[in-house]
Amino acid sequence: MRYTLLRVLVVLAASVLLASQPAWATKRVALVVGNSNYQNAPLLPNPANDATAIAATLKGAGFDLVESRLNLTSSDMRRALRDFADQARDADIAIVYYAGHGIEIDGTNYLIPTDARLERDTDIYDEAFSLDRVLLAIEPAKQLRVVIVDACRNNPFADTMKRTVASRAISRGLARVEPAVSNTLIAFAAKAGLTALDGNSTNSPYATALVKYIAKPGLDLRRAFGFVRDDVLQATGNRQEPYVYGSLGGEDVALVPKAEEPAAPPANASSEIRRDYELALQLGNKAAMSAFLAQHPDGYYANLAKLQLSQIDAEDARVAATRKAQEAEQQKARLASEGAQRAEQEKAAADFKAAEDARIAAERTKQAAQDQAAEAERKRTASQTSTVAMLSANGSTPDSAKTDNIATATPSQNSEGAKVAALNTAPPQEDLAKSVQSELSRVGCFTGSIDGEWNAASRRSLTLFNRHAGTKLDVKLASLDALDAIKLKPARVCPLICEHGYKTDGDQCRKITCAEGSFLNEDNECEKRRGKKPVAKRNTDERPSRADRPVRDTSEPQADVPRRRQATARPSGGSGQIVCDAYLCRPVRRGCHLDYRGGGGPGGGTGNVEVCN
């Protein structure tokens, strides 16, 4: 009896232990073989590298067991298959990857160890291992069995192998197979009857694609082999097409389970209320605030909403009082122009005075409500910014924490009896101003330096945003309301203003290029350049140089030269003296000379006289 009770307790404990395991905690085992150094065949460069890459991929995918064996002889390969069959007995998924030489004889595929000689075709039964032997080793796996054969190469023993039976067929590549056990896949590097390529890199195109897709988390194995096929076809120029034989069920089967997505954290109630309030504040009308108060009638943000609602009511009252004062003024003017009785005019004047006093009171009430609401918003944003900065300094800023630590608003009475929210004040934050400036710059309303200083340029930018976006944000300070309102705008709000020499082109400024003969004027427009008036000038290129000028002929007198000047030319052979009288000057004749006889010459007396001997 005691022994039976002990057995029951053991069974219950085992059941609890199994129930506590994850649903996808399946046992996955793999055998990876790469034969490169054949003793009686040429060296294969890639299989050892391919096997190493596949083994590393499966180990990285979290397989429980990955047996990686290289250059196996016949006895080593037999031992490896026998030991792996023991591991596959209690496994859920079992995989065998083989890279090396393979051969097909009479429709049966064989994997060749490194010490095989294969002098005759019947030696294949003693020195090689059929694919059925490999399938037998993984048959005990419970859920999935996969054999990947990267051995579709040319038969290196075909030329030397003796045929014992002439009709025995020895084909290139491997033969088509049909797994006898369900949930079994057999993947070939090339289609039946075709050979695979080793490629020009360290790994074959088939192994390269396998490493890329085989262990992708959550990827169905059939889709993974489909992606492998596409990559190999592209890498080999459609000369090699991988093929998969066998079938699976309708559910996705992945070698690596998809990572579980972390559950979304529960929404914070304070954050939801804050977002509702800020949305109502963004709309800025009485209906939005009334709807918010109907949904959240109590609490911190309800008090703020009531202040905003009071401000809206005060504005409506001011507008109504202003309209009534205008009507009273018009009535008073109309009665005065029509010459109405004095009593009627006095009554109209009294009505106008009462309406004007009501208007002034409404203006004051509206201004007081506006100041109270603005002050409450300033304190709220300052406190919220301070909390965010504190959480950022601690290394985390969850959205829910941005509002949970804000001081609860408590209504208090000011001098005019209105309720205001009492908030903990905090100094203005430079980071908030920088964020608002950055967003204003994004929507095209701010062109200054993003330095966190809320100066006149920043206020003008926010005013410009209000004008083009139709908002009524307070421009006196940077607030979270302004930041959220600007972030809601997906594109440019303010019109683009370009400098001189540039024009708007969508959201960019492009340089203006004028055509030849035009220039850019002060109005940023291309204007045709006016032509200059022609100016006469000498063509110095056609004037002859002084050396090229013709020698002046002095032998013949010119008609326009005075006779007196013509006589001054000295004939050849003369004395060189000149004698002048009242009419002309001439050279002294040969053999004569001048003799001065007194007087002043031709103009006033005898002067010089020509004397000839």
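The values are calculated or read from the model by the stated rules, or taken from the named source; none is laboratory data. Nothing here was measured: the structure is a model prediction, and the numbers come from that model. Note that each Cβ is placed from the backbone with ideal geometry, even for glycine, and that neighbours are counted across all protein chains shown. With ligands, DNA and RNA removed, areas are computed over all heavy atoms of the protein, side chains included. Shrake-Rupley method; radii C 1.70, N 1.55, O 1.52, S 1.80 Å.
Looking only at the stretch 198-241, count every residue that is touching a strand residue (DSSP E or B) at 6+ places or on another chain (Cβ under 9 Å) and either aromatic (F, W, Y) or open to solvent by less than 10 Å² (accessible area, probe 1.4 Å) (or both) and tell me the total.
Initial filter on the stretch 198-241 (touching a strand residue (DSSP E or B) at 6+ places or on another chain (Cβ under 9 Å)): 204, 206-207, 210, 214, 221-222, 225-226, 228-229.
Now restrict to residues that are either aromatic (F, W, Y) or open to solvent by less than 10 Å² (accessible area, probe 1.4 Å) (or both): 204, 206-207, 210, 221, 225, 228.
Final tally of qualifying residues: 7.
Can you confirm whether the stretch 79-94 contains a residue that is under 27 Å from A192 (Cβ atoms), modelled with pLDDT under 90 and aliphatic (A, V, I, L, M)?
Initially, the stretch 79-94 is screened for residues under 27 Å from A192 (Cβ atoms), giving 80-81, 84-85, 88, 93-94.
Add one more test, that the residue is modelled with pLDDT under 90, and what stays is none.
The answer is no, given that none of the residues of the stretch 79-94 is under 27 Å from A192 (Cβ atoms), modelled with pLDDT under 90 and aliphatic (A, V, I, L, M).
Given the options A151, A169, A189, name the one that is under 27 Å from R78 (Cβ atoms), in contact with a Gly (Cβ under 7 Å, 6 or more places away or on another chain) and modelled with pLDDT under 90. Explain how you work it out, then say what you get.
Values: A169 fails: in contact with a Gly (Cβ under 7 Å, 6 or more places away or on another chain); A189 fails: in contact with a Gly (Cβ under 7 Å, 6 or more places away or on another chain).
Residue meeting the stated conditions: A151.
Going through the stretch 333-376 one residue at a time, which ones are within 30 Å of L477 (Cβ to Cβ), touching a residue at least 24 places away in the same chain (Cβ under 8 Å) and among the hydrophobic types (A, V, I, L, M, F, W, C)?
A361, A362, A368, A369, A373, A374, A376
Is at least one residue of the stretch 104-120 assigned to a loop (DSSP other than H, G, I, E, B), at pLDDT below 90 and open to solvent by less than 10 Å² (accessible area, probe 1.4 Å)?
Within the stretch 104-120 (the criterion being assigned to a loop (DSSP other than H, G, I, E, B), at pLDDT below 90 and open to solvent by less than 10 Å² (accessible area, probe 1.4 Å)), the answer is yes, since at least one residue qualifies.
For the stretch 474-527, what are the residues that are among the acidic types (D, E) and closer than 30 Å to Q370 by Cβ? Show your work before the answer.
In the first step, residues of the stretch 474-527 are kept if they are among the acidic types (D, E); the result is 474, 481, 484, 499, 505, 507, 516, 522-523, 525, 527.
Those that are among the acidic types (D, E) and closer than 30 Å to Q370 by Cβ: D474, D481, D484.
Report the residue count in the stretch 437-454 for those that are open to solvent by less than 60 Å² (accessible area, probe 1.4 Å), part of a loop (DSSP other than H, G, I, E, B), of a type outside the set (G, A, S) and closer than 24 Å to K379 by Cβ.
Filtering the stretch 437-454 for residues open to solvent by less than 60 Å² (accessible area, probe 1.4 Å) gives 437-441, 443-446, 448, 451-452, 454.
From what's left, part of a loop (DSSP other than H, G, I, E, B): 443-446, 448, 451-452, 454.
Those left that are additionally of a type outside the set (G, A, S): 443, 445-446, 451, 454.
Checking the rest, the ones that are also closer than 24 Å to K379 by Cβ come to 454.
The number of residues fulfilling the criteria is 1.
Would you call K324 assigned to a helix (DSSP H, G or I) and either modelled with pLDDT under 80 or basic (K, R) (or both)? Write out each step before concluding.
Numbers: assigned to a helix (DSSP H, G or I): yes; either modelled with pLDDT under 80 or basic (K, R) (or both): yes.
For K324, the condition - assigned to a helix (DSSP H, G or I) and either modelled with pLDDT under 80 or basic (K, R) (or both) - is met.
Is it true that some residue in the stretch 344-362 is surrounded by 16 or more Cβ atoms within 10 Å (Cβ to Cβ), within 28 Å of N466 (Cβ to Cβ) and under 45 Å from the mean Cα position of the chain (by Cα)?
There is no residue in the stretch 344-362 that is surrounded by 16 or more Cβ atoms within 10 Å (Cβ to Cβ), within 28 Å of N466 (Cβ to Cβ) and under 45 Å from the mean Cα position of the chain (by Cα).
Could you pull out every one of the strands (runs of 3 or more DSSP E) wholly within the stretch 462-548 that has 1 or more residues that are more than 29 Å from the chain's Cα centre (by Cα) and at pLDDT 80 or above? Write out each step before concluding.
Details: elements: 502-505, 508-511, 518-520, 526-528.
So the answer is 518-520, 526-528.
Only residues that are surrounded by 16 or more Cβ atoms within 10 Å (Cβ to Cβ) and under 17 Å from M289 (Cβ atoms): list them for the stretch 312-329, please.
Within the stretch 312-329, I312, A314, E315, A317 meet the criteria.
If a residue must be at pLDDT below 90 and touching a Lys or Arg at 6+ places or on another chain (Cβ under 8 Å), how many such residues does the stretch 230-239 contain?
Final tally of qualifying residues: 0.
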